[in-house]
Amino acid sequence: MALLFKTQPFLFYLHLASCVLSLSSFSFSFTHGRSTTPNNSISLSFPLTSHRFNHLHQTDLQTSFVSESKQKASPRPRPRARASPASPYHYKTSFKYSMALIVALPIGTPPQTQQMVLDTGSQLSWIQCHKKKHTPPASFDPSLSSSFSILPCTHPLCKPRIPDFTLPTSCDQNRLCHYSYFYADGTLAEGNLAREKFTFSRSQSTPPLILGCATDATEDKGILGMNLGRLSFASQAKISKFSYCVPTRRGAGADQPGTGSFYLGENPNSRGFQYVNLMIFPESRSRPNMDPLAYTLPMQGIRMGGKKLGIPTSVFRPDAGGSGQTMIDSGSEFTYLVDEAYNKVREQVVGGRAGARLKKGYVYGGVADMCFDGNPTEIGGLIGDMVLELEKGVEISIEKERMLADVGGGVHCLGIGRSSMLGVASNIIGNFHQQNLWVEFDLPNRRVGFGKADCSRAAA
């Protein structure tokens, strides 16, 4: 789930029972013109604008895990490795990285460019919808698009089949399908479920996809939901692969964030990627703390400063109730660990040479208590490199120069938080620990690939 993080994490609760319903009536493929690549797809590239993500309206993990784990969708077993079918199109763009990975995508007919948070941890995509005379021009104006339509109350997605959701969808006064996202701070984002195209060129667009059209929200950027759910952009658009490359994060006071790359379809850099199979849980509906639609990695352990920490592998695997699941999430800034793993990391940091430099009594955002004053490169050198170990010898390596996040005021924190402080029982690998790394999601083969890169150069 998307969990971005500033000084206080504002979380919202997504209640959308429509996630459980079949989209079998919506079978489609991309339309495109003459092929310019061997796999009969078109290669497109678009620049993106840069913005800092101001309001933190990210999914509440605990609530979402409970709701999505109760879905009626049939579990899909792990398939045998096979050649991935070609995506119906080939699309490359770049994104700006501040605290969120922001992509700008052309939506509607004619297209209107919309900034969206790239989020592999959520399902429903949504955009801000207003008529231009009532709002800043960044939002989407449905009246200007000939392909836009709102779902009526009679649509199956507005007839939730699970009775224990709190206000998932409803009919508004105009008999249109309404949804609500509730924020923990008392605010909300709400609007209508709609159908709309993503229009990449005159000859290439998606069919109308289901997404949220928010008419009341506190942030002008939408969400590009890319998890395994049937309503995600990846699933509806029948994307076989997508990938992104997160550039090195710049300091909190930097005028411009780094620029990375985002691919829909084949990535020409994938030849050197190392792949690890996703964990599949057919019995996930009986695990209340499980998110069955997340990208769950088979994590094995953690090394710090060349030392293997004494954390049992079972800590990174879901137990009978689903606690301990390890997810990779582009929409979460920091990495979060369950207590048994977090405590071992903290023991290593505090008990090592960097312990004397610890900013005592300081807790960033209520979840991260390994923070320091002083030169981050020097302190990172005292901590050493960190390696997240996965199956098949695949590793996510974080060099000592990138161990600490600039949180402002001259304070730098280890980019790791305590999951229990969020009220969740899962491990989450956030985008802070995906810097200078290609991350590819190969959906037909249910695997994730990793490849080291200079992501700023990759975006050129």
TODO: For segment 347-370, name all the residues that are at negative phi, under 25 Å from the mean Cα position of the chain (by Cα) and buried (at least 16 other Cβ atoms within 10 Å of the Cβ).
DONE: Y364, V367, A368, D369, M370
- [ ] Using the structure shown, decide if Y263 is among the hydroxyl-bearing types (S, T, Y), in contact (Cβ under 8 Å) with a residue 40 or more places away in the chain and closer than 21 Å to S420 by Cα.
- [x] no
TODO: Could you grab the pairs with beta carbons closer than 8 Å, sequence gap of 6+ or different chains, first residue in segment 161-181 and closer than 23 Å to S149 by Cβ, second one acidic (D, E) and at pLDDT 70 or above?
DONE: H178/D172; H178/E190; Y179/E190; S180/E190; Y181/E190
TODO: Provide a single number: the residues in segment 337-354 that are at pLDDT below 95 and under 16 Å from R317 (Cβ atoms).
DONE: 0
Open item on the list: Exactly one condition in (1) in contact with a strand residue (DSSP E or B) (Cβ under 7 Å, 6 or more places away or on another chain); (2) surrounded by 23 or more Cβ atoms within 10 Å (Cβ to Cβ) is false for I210; which is it?
Closed with: (2)
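Just for strands (runs of 3 or more DSSP E) wholly inside segment 387-452: which have at least 3 residues that are in contact (Cβ under 8 Å) with a residue 12 or more places away in the chain, of a type outside the set (A, V, I, L, M) and within 25 Å of Y263 (Cα to Cα)? Write out each step before concluding.
Working: elements: 395-398, 404-408, 411-414, 416-418, 427-429, 437-442, 447-452.
Result: 437-442, 447-452.
Which fully enclosed strands (runs of 3 or more DSSP E) of segment 190-300 have 3 or more residues being at pLDDT below 90 and under 19 Å from the mean Cα position of the chain (by Cα)?
Details: elements: 199-201, 209-216, 222-225, 241-245, 258-264, 274-277.
Ranges flagged: 258-264.
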Task: Residue check for R303: out of contact with any helix residue (DSSP H, G or I) (no Cβ under 7 Å at 6 or more places or on another chain) and assigned to a helix (DSSP H, G or I) - done: no
Task: Residue check for Y362: outside any strand (DSSP E or B), touching a residue at least 24 places away in the same chain (Cβ under 8 Å) and of a type in the set (S, T, Y) - done: yes
TODO: May I ask you to verify whether T335 is touching a Leu at 6+ places or on another chain (Cβ under 9 Å) and free of Cβ contacts under 8 Å to residues at least 40 places away in the same chain?
DONE: no
Open item on the list: I'd like to know if segment 327-335 contains one or more residues that are hydrophobic (A, V, I, L, M, F, W, C), within 27 Å of the chain's Cα centre (by Cα) and closer than 20 Å to M304 by Cβ.
Closed with: yes
- [ ] Could you please give the count of residues in segment 128-157 that are touching a helix residue (DSSP H, G or I) at 6+ places or on another chain (Cβ under 7 Å) and either modelled with pLDDT of 80 or more or among the basic types (K, R) (or both)?
- [x] 5
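Would you confirm whether any residue within segment 270-277 is surrounded by 22 or more Cβ atoms within 10 Å (Cβ to Cβ) and in contact (Cβ under 8 Å) with a residue 60 or more places away in the chain?
To start, the set of residues in segment 270-277 that are surrounded by 22 or more Cβ atoms within 10 Å (Cβ to Cβ) comprises none.
No: segment 270-277 contains no residue that is surrounded by 22 or more Cβ atoms within 10 Å (Cβ to Cβ) and in contact (Cβ under 8 Å) with a residue 60 or more places away in the chain.
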Task: All positions within segment 98-126 that are in contact with a helix residue (DSSP H, G or I) (Cβ under 7 Å, 6 or more places away or on another chain) and within 24 Å of C455 (Cβ to Cβ) - done: L101, S125
Open item on the list: Can you report the number of residues in segment 280-310 which are surrounded by 18 or more Cβ atoms within 10 Å (Cβ to Cβ), hydrophobic (A, V, I, L, M, F, W, C) and more than 22 Å from G225 (Cα to Cα)?
Closed with: 3
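The values are calculated or read from the model by the stated rules, or taken from the named source; none is laboratory data. This one's a predicted model, so the numbers in the text were calculated from it and none came from an experiment. In this analysis, Cβ positions are derived from the backbone assuming ideal geometry, glycine residues included, and neighbour counts consider all displayed protein chains.
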